[in-house]
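Asker: Shown below is the structure under consideration.
The values are calculated or read from the model by the stated rules, or taken from the named source; none is laboratory data. It should be emphasised that the depicted structure is a prediction, and the values quoted were computed from it without experimental measurement. In this analysis, Cβ positions are derived from the backbone assuming ideal geometry, glycine residues included, and neighbour counts consider all displayed protein chains.
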Amino acid sequence: MSSVSAYYNGKTVLITGATGFMGKVLVEKLLRSSPDVKAVYILVRPKAGQSMQERVANMLKCKVFDRVREDCPNFHEKIKPINAELTQPKLAISAEDEEELLTRVNIVFHCAATVRFDEPLKHALQLNAMGTQRLLELAQQMQKLEAFIHISTAYANCVRKCIDEIIYPPPAEPKKLFDLVEWLDESIIQDITPKLLGDWPNTYTYTKALSEYLIQQEKGNLNIAIIRPSIVGASWHEPFPGWIDSFNGTSGIFVAAGKGILRTVIANNEAVADMIPVDVVINLTLAAGWYTAVHRPKNMLVYNCTTGGINPFFWGEMEQYVMSTFKRNPLEQAFRTPNAHLTSNYLINQYWITVSHKAPAILYDLYMRLTGRKPRMMKIINRLHKSMMLLQYFSTQSWDWSSDNMNMLMGQLNTEDKKLYNFDVRQLHWSEYIESYCLGAKKYLLNEDMSGIPAAKQHLRKLRNIRYAFNTTLLVIIWRIFIARSQMARNIWYFVPLPGGPPIPSNQQLWASESESSRKIHSLQLQPAFIVH
Ligand SMILES: CCCCCCCCCCCCCCCC(=O)SCCNC(=O)CCNC(=O)[C@H](O)C(C)(C)COP(=O)(O)OP(=O)(O)OC[C@H]1O[C@@H](n2cnc3c(N)ncnc32)[C@H](O)[C@@H]1OP(=O)(O)O
Ligand SMILES: NC(=O)C1=CN([C@@H]2O[C@H](COP(=O)(O)OP(=O)(O)OC[C@H]3O[C@@H](n4cnc5c(N)ncnc54)[C@H](OP(=O)(O)O)[C@@H]3O)[C@@H](O)[C@H]2O)C=CC1
């Protein structure tokens, strides 16, 4: 008998960030593995002209719920949306809704956050740190609360190389910062942000570090656990292999490489690519919720949810697997044939950016203009460069995370739970996983049908022929310019034993080529066979 799924049956759960990538997988797994869960409250804000109800209705249509829809057709009845905005005082929850939450909720999963690396500090603080503090205040008043699970990131303490499952001192005193951003002008905050961040690479990891510390300071008597996933990738098995609906982390990079737009990436081939499938994170999160509520550990447990120390995988291997998958299963309407390479050399990267990113984009945009269409490739390339700049901090270094608590938790699960909530990443076969991830990106992120693969392959053949024709023409043009100006080039050409090319000259001929008259004769002889006049 599964203890974890039995625990959630009959319980009332509150989830923040349920409309996000990980939140949806959490809601799905919870409803599918514990069909008798009493209610799942989700905090949702209205967004982009859609009301909270419309957003939830759209969310439930999402493919990720297909499996639970089949198993429990009425699963949506368990979901209770609550209008909320985490950056507002009291989370902007109505008094009536608040009362309902305070009297019913048994477990809180806090997933909501801004994960943007370039988020202005004020907003990142308001959401990731102050939002967490407000949710904690609400949780303190919940009468039946058994556990509060906070999703952090393995990179919250990325200024350290070895990261244990403990809370480290924060980069700054959170409350002082809150005061500061409250009265300082937005533009001044922007100006002093680099100083405040110090060694932290972005506002995301900085505010996540602050929120971990805040939780430790203000947890009171609450039973809390913190989950720290590394780079969350597509699902390994559940609800479908390769399920993904976010361009964040590595997914956008895979797509850009598969489309042939991204050709060069700053990364260290030998650095650990610490990726973790989303279903593994969610299984660990649910198991940690159960353990925290039932076993009530004396100290707050932090779970580093990473793969590097257990089943390491490297950026160099990732490049190979991604490229090999997209060559065998191309994306539709690729810009060029997929051919991305990693380099840790800044100058080499700049060279390839110029030759393989910017030059083709300029030519393509010129072609679009000439054919009366809107140029767009340079815009895409600039956006890609911006995101690569922000990601390279993570692709050029390795970190060591201890995973004792993850191992301890695995040891606490019974045999059935070990299967139902599998987070044993030793079983992860990276080449298979990356293939399924890339195919998942094709299917679920880009909505491409697998039946379109023959046409996509045909398109790649067309691109290859265009490339051959373009390269040949370019060679001929360069050669003509060179030949016309350089005696040395003509002499070198003389030694190229091309079939049907000029005969290898004798020494006499070479000496003779010094004279003006023979130079003319040679330049006629030297025309490569393939130049069409
Ligand atoms: C061969 C391969 C080897 C791989 C070799 C190394 C890879 C090396 C990876 C390291 C990975 C570390 C990961 C750290 C570990 C965490 O903690 S992971 C979670 C952390 N968060 C993130 O990854 C978020 C990073 N993203 C951002 O900060 C912002 O999206 C960016 C990159 C600054 C771009 O901002 P922006 O230009 O304002 O664009 P934004 O509005 O965000 O997006 C516009 C559109 O482009 C899409 N998009 C966003 N990003 C991308 C993207 N990268 N590509 C394509 N589309 C994208 C969006 O979905 C959006 O679509 P719509 O909604 O408009 O339909
Ligand atoms: N993805 C990754 O690789 C990693 C993620 N994590 C952590 O996991 C958690 C989930 O990440 P992920 O699912 O990828 O992120 P997403 O960006 O996909 O989802 C973020 C969620 O937070 C909600 N949210 C954002 N702002 C507010 C707000 N002001 N009020 C209420 N809700 C809000 C979003 O709602 P809305 O739909 O309204 O925008 C969305 O549901 C985060 O805490 C993140 O730090 C940790 C490590 C890696």
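Residues checked against (1) within 10 Å of ligand 2 (Cβ to nearest atom); (2) farther than 18 Å from M275 by Cβ; (3) in a strand (DSSP E or B); (4) outside the structural domain of N299 (by TED's automatic domain parsing):
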{"residue": "L210", "(1), (2), (3), (4)": "no, yes, no, no"}
{"residue": "I215", "(1), (2), (3), (4)": "no, yes, no, no"}
{"residue": "L222", "(1), (2), (3), (4)": "no, yes, no, no"}
{"residue": "A225", "(1), (2), (3), (4)": "no, yes, yes, no"}
{"residue": "R228", "(1), (2), (3), (4)": "yes, no, yes, no"}
{"residue": "W243", "(1), (2), (3), (4)": "no, no, no, yes"}
{"residue": "G252", "(1), (2), (3), (4)": "no, no, no, yes"}
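Asker: Continuing with the same structure: Looking only at region 27-68, which residues are within 16 Å of ligand 1 (Cβ to nearest atom) and at negative phi?
Answerer: First, the residues of region 27-68 that are within 16 Å of ligand 1 (Cβ to nearest atom): 47-50, 55, 58-59, 62.
Passing the criteria: K47, Q50, R55, N58, M59, C62.
Asker: Identify all residues within region 227-248 that are within 12 Å of K443 (Cα to Cα) and under 15 Å from the mean Cα position of the chain (by Cα); write none if there are none.
Answerer: So the first thing to find is which residues in region 227-248 are within 12 Å of K443 (Cα to Cα), and the list is 234, 240-245.
The answer is A234, G242, W243, I244, D245.
Asker: Say we look at region 325-384 and pick out the residues that are over 23 Å from N447 (Cβ atoms) and in contact with a Pro (Cβ under 7 Å, 6 or more places away or on another chain); which of these is surrounded by the most Cβ atoms within 10 Å (Cβ to Cβ)?
Answerer: Among those that are over 23 Å from N447 (Cβ atoms) and in contact with a Pro (Cβ under 7 Å, 6 or more places away or on another chain), it is D365.
Asker: Give A271, A293, A287, A257 a once-over and let me know the one that is closer than 15 Å to S387 by Cβ, out of contact with any His (no Cβ under 8 Å at 6 or more places or on another chain) and away from ligand 2 (no atom under 13 Å from the Cβ). If you could, list the steps in order and put the result at the bottom.
Answerer: On the way: A271 fails: closer than 15 Å to S387 by Cβ; A293 fails: closer than 15 Å to S387 by Cβ; A287 fails: closer than 15 Å to S387 by Cβ.
None of the others qualify; the one that does is A257.
Asker: While we're looking at this one, here's another question. Considering only region 349-408, state which residues are among the small types (G, A, S) and under 26 Å from T205 (Cβ atoms). Give the steps one after another, and end with the answer.
Answerer: If we filter region 349-408 for residues that are among the small types (G, A, S), which is where we start, we get 356, 359, 361, 372, 387, 395, 398, 402-403.
Within region 349-408, S387, S395, S398, S402, S403 meet the criteria.
Asker: So which helices (runs of 4 or more DSSP H) stay within region 95-175 end to end and still have 3 or more residues that are surrounded by fewer than 17 Cβ atoms within 10 Å (Cβ to Cβ) and either at pLDDT 95 or above or among the small types (G, A, S) (or both)?
Answerer: Values: elements: 95-104, 121-124, 131-140.
Ranges flagged: 95-104.
Asker: Hey, which of the helices (runs of 4 or more DSSP H) in region 303-417, taking only ones fully inside, have at least 2 residues that are touching a residue at least 60 places away in the same chain (Cβ under 8 Å)?
Answerer: Values: elements: 315-328, 346-352, 359-370, 377-395, 404-412.
The helices (runs of 4 or more DSSP H) meeting that bar are 315-328, 346-352, 377-395, 404-412.
Asker: Using the structure shown, decide if S230 is small (G, A, S) and buried (at least 23 other Cβ atoms within 10 Å of the Cβ). Break it down stepwise before answering.
Answerer: On the way: small (G, A, S): yes; buried (at least 23 other Cβ atoms within 10 Å of the Cβ): yes.
Yes, satisfied.
Asker: All but one of (1) surrounded by fewer than 23 Cβ atoms within 10 Å (Cβ to Cβ); (2) in contact with a His (Cβ under 7 Å, 6 or more places away or on another chain); (3) touching a residue at least 60 places away in the same chain (Cβ under 8 Å) hold for T16, so report the exception by its number.
Answerer: (1)
Asker: For region 373-408: of the residues being within 11 Å of ligand 1 (Cβ to nearest atom) and among the aliphatic types (A, V, I, L, M), which is farthest from P229 (Cα to Cα)?
Answerer: Here the answer is I380.
Asker: Within region 273-302, count every residue that is free of Cβ contacts under 8 Å to residues at least 60 places away in the same chain and either under 22 Å from C162 (Cβ atoms) or buried (at least 22 other Cβ atoms within 10 Å of the Cβ) (or both).
Answerer: Qualifying residue count for the region: 2.
Asker: Being within 22 Å of G131 (Cα to Cα), in contact with a Cys (Cβ under 7 Å, 6 or more places away or on another chain) and in the same structural domain as A113 (by TED's automatic domain parsing): is that true of I82 here? Walk me through it before giving the result.
Answerer: Values: within 22 Å of G131 (Cα to Cα): yes; in contact with a Cys (Cβ under 7 Å, 6 or more places away or on another chain): no; in the same structural domain as A113 (by TED's automatic domain parsing): yes.
For I82, the condition - within 22 Å of G131 (Cα to Cα), in contact with a Cys (Cβ under 7 Å, 6 or more places away or on another chain) and in the same structural domain as A113 (by TED's automatic domain parsing) - is not met.
Asker: Where in region 1-61 are there helices (runs of 4 or more DSSP H), lying wholly inside it, with at least 3 residues that are over 23 Å from W243 (Cα atoms), more than 15 Å from ligand 2 (Cβ to nearest atom) and modelled with pLDDT of 95 or more?
Answerer: On the way: elements: 3-8, 21-33, 52-60.
The helices (runs of 4 or more DSSP H) meeting that bar are 3-8.
Asker: Quick one: is V68 closer than 25 Å to S3 by Cβ, free of Cβ contacts under 8 Å to residues at least 60 places away in the same chain and in the same structural domain as N283 (by TED's automatic domain parsing)?
Answerer: On the way: closer than 25 Å to S3 by Cβ: yes; free of Cβ contacts under 8 Å to residues at least 60 places away in the same chain: no; in the same structural domain as N283 (by TED's automatic domain parsing): yes.
No, not satisfied.
Asker: Of the residues that sit in region 304-363 and are of a type in the set (D, E, K, R) and within 11 Å of ligand 1 (Cβ to nearest atom), which one is nearest to the chain's Cα centre (by Cα)?
Answerer: If we filter region 304-363 for residues that are of a type in the set (D, E, K, R), which is where we start, we get 317, 319, 327-328, 332, 336, 358.
Checking the rest, the ones that are also within 11 Å of ligand 1 (Cβ to nearest atom) come to 317, 319.
On the way: E317: 17, E319: 15 Å.
Only one residue fits best here, namely E319.
Yes/no matrix, rows are residues, columns are (1) touching a strand residue (DSSP E or B) at 6+ places or on another chain (Cβ under 9 Å); (2) not hydroxyl-bearing (S, T, Y):
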{"position": "Y8", "(1), (2)": "yes, no"}
{"position": "I15", "(1), (2)": "yes, yes"}
{"position": "G20", "(1), (2)": "no, yes"}
{"position": "I42", "(1), (2)": "yes, yes"}
{"position": "D66", "(1), (2)": "no, yes"}
{"position": "A84", "(1), (2)": "yes, yes"}
{"position": "T103", "(1), (2)": "no, no"}
{"position": "C111", "(1), (2)": "yes, yes"}
